[in-house]
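Here's the structure we're looking at; comments come further down.
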Amino acid sequence: MPLSSALLNLGTLNFCPDDPPRPCGRYVIQRTAAGLGNVTADPTRRLQVRLWRPTPNPNTPAQQAVRATFADAVFWWHTLPDPTKDDWNAAGNARGMSGINWWVSRWIRTGGNP
């Protein structure tokens, strides 16, 4: 399987690149384009391979509280009747976002009372 196909299917791949030579490790495929912050010198290049780096996971009490608040907002969204969701969808669309995004935003900003 060609390298690009394997990366597209797997997302990450453990291997030792030889063209150009790079250290062995876990690599990820990444799109390149204006606006993504990774424009290449070659405008025909649409994908690049880069070393995979784990993202930081701040597992602090403050972050856990934010995650719990977000989870509560999503839980309560799913309990809303469809007509109420339709109202939130309309309000969100007027602001350029989905109804659930507007609901979660209001939930977090008002402390659970959107």
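The values are calculated or read from the model by the stated rules, or taken from the named source; none is laboratory data. Since this is a predicted model, take the numbers as computed values, not measurements.
Taking only the range 104-114 into account, find how many residues are among the polar types (S, T, N, Q) and part of a helix (DSSP H, G or I). Count: 2.
Only one residue in Asp72, Asp86 is over 21 Å from the mean Cα position of the chain (by Cα) and not hydrophobic (A, V, I, L, M, F, W, C), so which one is that? Break it down stepwise before answering.
Details: Asp72 fails: over 21 Å from the mean Cα position of the chain (by Cα).
Within the list Asp72, Asp86, the selection yields Asp86.
Counting only helices (runs of 4 or more DSSP H) wholly contained in the range 1-103, the ones carrying 2 or more residues that are at pLDDT below 85 and among the aliphatic types (A, V, I, L, M) occupy 3-10.
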